[in-house]
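The values are calculated or read from the model by the stated rules, or taken from the named source; none is laboratory data. Predicted model, so just to flag it, every value in this text is computed and none were measured. Note that we place each Cβ from the backbone using ideal geometry, even for glycine, and neighbour counts take in every protein chain shown.
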C-alpha cells in the first residue's frame, strides 16, 4: 500500500488535525475540598513543544520537519520521502526518546470511526480535483496510528515523474487541490469535533 502521496501525519494536540489551532485548552478552575478556587494549569505553547520535538527527532537521526506556527506538522511529499530515509526502528527509538517533549500539548486519543468516515469526504474531494489535472489517486484512507497520530492519504498514488518540470507540475496540482478543497481546515474541524474542541 502506497499512501505517501498526500500523506499527512500530524501529531495530535488538544484537537488533532492537519491544520488550524492545536493549542492545549487549559483545564477550567475547580473548587477543592476546602472550598478554595484552584488556579488553572499554565498554558503550554504547542509551537515551542513541536519545535523541541522536531529538533530532538533530528538529533536522533530522523529528518523531521519543524511545525507550523500552530504547532502542527504537515508533511509535504518531499518531507515524507525524507522521513522514509530513516528506518522504522530509528523512528520508534527517536519517538520514544522525544515524545515526552509534547506532553501537555497532545492528545493520544484515537479518532472515532465516525470521524474517520467523515474525513474520507474531503479526501475524496482532493481525489476528484486531482483527477481533473490528470492524476489518478487510489481510495482515500484514514488510519489511526500510535500515540494519537492519524494518517490521511490514499492507498495508491501516481508514480513521481522523472523530470523536474513534471514533478513541479504534479506538486502544484496537489497544493492547489488541497487549498481549493480546504482540506486542512475541514480535517481539523472534523477532528476538533471528535475531540470535543468545537465549542
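Looking at the stretch 136-155, I want the residues that are part of a helix (DSSP H, G or I) and have a partner that is crowded, with 16+ Cβ neighbours inside 10 Å with Cβ atoms under 7 Å, at least 6 apart or on another chain. Which pairs are those?
Note: pairs meeting the criteria are 147/99; 148/12; 148/16; 148/106; 148/107; 148/110.
Within the bounds of the stretch 177-188, is there any residue that is over 14 Å from the mean Cα position of the chain (by Cα), free of Cβ contacts under 8 Å to residues at least 12 places away in the same chain and not in a helix (DSSP H, G or I)?
No, there is no match, as no residue in the stretch 177-188 is over 14 Å from the mean Cα position of the chain (by Cα), free of Cβ contacts under 8 Å to residues at least 12 places away in the same chain and not in a helix (DSSP H, G or I).
Going through 179, 139 one at a time, which residue ends up being in contact with a strand residue (DSSP E or B) (Cβ under 8 Å, 6 or more places away or on another chain) and at pLDDT 90 or above? Before you say what the answer is, go through the steps one by one.
Details: 179 fails: in contact with a strand residue (DSSP E or B) (Cβ under 8 Å, 6 or more places away or on another chain).
Checking each option against the conditions leaves just 139.
Among the candidates 54, 94, 82, single out the residue that is part of a helix (DSSP H, G or I), more than 25 Å from residue 174 (Cβ to Cβ) and modelled with pLDDT of 80 or more. Even if it seems obvious, please write down each step before you answer.
Working: 54 fails: more than 25 Å from residue 174 (Cβ to Cβ); 82 fails: more than 25 Å from residue 174 (Cβ to Cβ).
Result of the check over 54, 94, 82: 94.
Do we have any residue at all in the stretch 42-59 that's crowded, with 20+ Cβ neighbours inside 10 Å and either in contact with a strand residue (DSSP E or B) (Cβ under 7 Å, 6 or more places away or on another chain) or within 21 Å of residue 187 (Cα to Cα) (or both)? Don't jump to the end; show me each part of the working.
The initial filter retains those residues of the stretch 42-59 that are crowded, with 20+ Cβ neighbours inside 10 Å, namely 46, 49-50, 53-54, 57.
Subset that is either in contact with a strand residue (DSSP E or B) (Cβ under 7 Å, 6 or more places away or on another chain) or within 21 Å of residue 187 (Cα to Cα) (or both): 46, 50.
Looking through the stretch 42-59, at least one residue is crowded, with 20+ Cβ neighbours inside 10 Å and either in contact with a strand residue (DSSP E or B) (Cβ under 7 Å, 6 or more places away or on another chain) or within 21 Å of residue 187 (Cα to Cα) (or both).
When residue 111 is evaluated against the numbered criteria (1) assigned to a helix (DSSP H, G or I); (2) surrounded by 20 or more Cβ atoms within 10 Å (Cβ to Cβ), which criterion, by number, is the only one it fails?
(1)
Tally up the residues in the stretch 114-135 that are closer than 17 Å to residue 152 by Cα and either in contact (Cβ under 8 Å) with a residue 60 or more places away in the chain or surrounded by fewer than 20 Cβ atoms within 10 Å (Cβ to Cβ) (or both), please. Even if it seems obvious, please write down each step before you answer.
First, pick out the residues of the stretch 114-135 that are closer than 17 Å to residue 152 by Cα: 114-130.
This time we only want the ones that are either in contact (Cβ under 8 Å) with a residue 60 or more places away in the chain or surrounded by fewer than 20 Cβ atoms within 10 Å (Cβ to Cβ) (or both), so: 114-126, 128.
Counting residues in the stretch 114-135 that are closer than 17 Å to residue 152 by Cα and either in contact (Cβ under 8 Å) with a residue 60 or more places away in the chain or surrounded by fewer than 20 Cβ atoms within 10 Å (Cβ to Cβ) (or both) gives 14.
Of everything in the stretch 92-105, what is surrounded by 14 or more Cβ atoms within 10 Å (Cβ to Cβ) and closer than 24 Å to residue 45 by Cα? Give them in sequence order. Steps first, answer last, please.
From the stretch 92-105, those surrounded by 14 or more Cβ atoms within 10 Å (Cβ to Cβ) are 93-95, 98-99, 101-102, 104-105; that's our starting set.
Result: 94, 95, 98, 99, 101, 102, 104, 105.
In the stretch 61-75, how many are surrounded by fewer than 17 Cβ atoms within 10 Å (Cβ to Cβ) and farther than 20 Å from residue 191 by Cβ?
Looking only at that region, the number is 3.
Would a scan of the stretch 27-40 turn up a residue that is surrounded by 13 or more Cβ atoms within 10 Å (Cβ to Cβ) and either touching a strand residue (DSSP E or B) at 6+ places or on another chain (Cβ under 7 Å) or modelled with pLDDT of 90 or more (or both)?
Residues of the stretch 27-40 surrounded by 13 or more Cβ atoms within 10 Å (Cβ to Cβ): none.
No - not one qualifying residue is present in the stretch 27-40.
I need a count of the residues in the stretch 146-165 that are surrounded by 13 or more Cβ atoms within 10 Å (Cβ to Cβ) and under 30 Å from residue 103 (Cβ atoms).
The total comes to 7.
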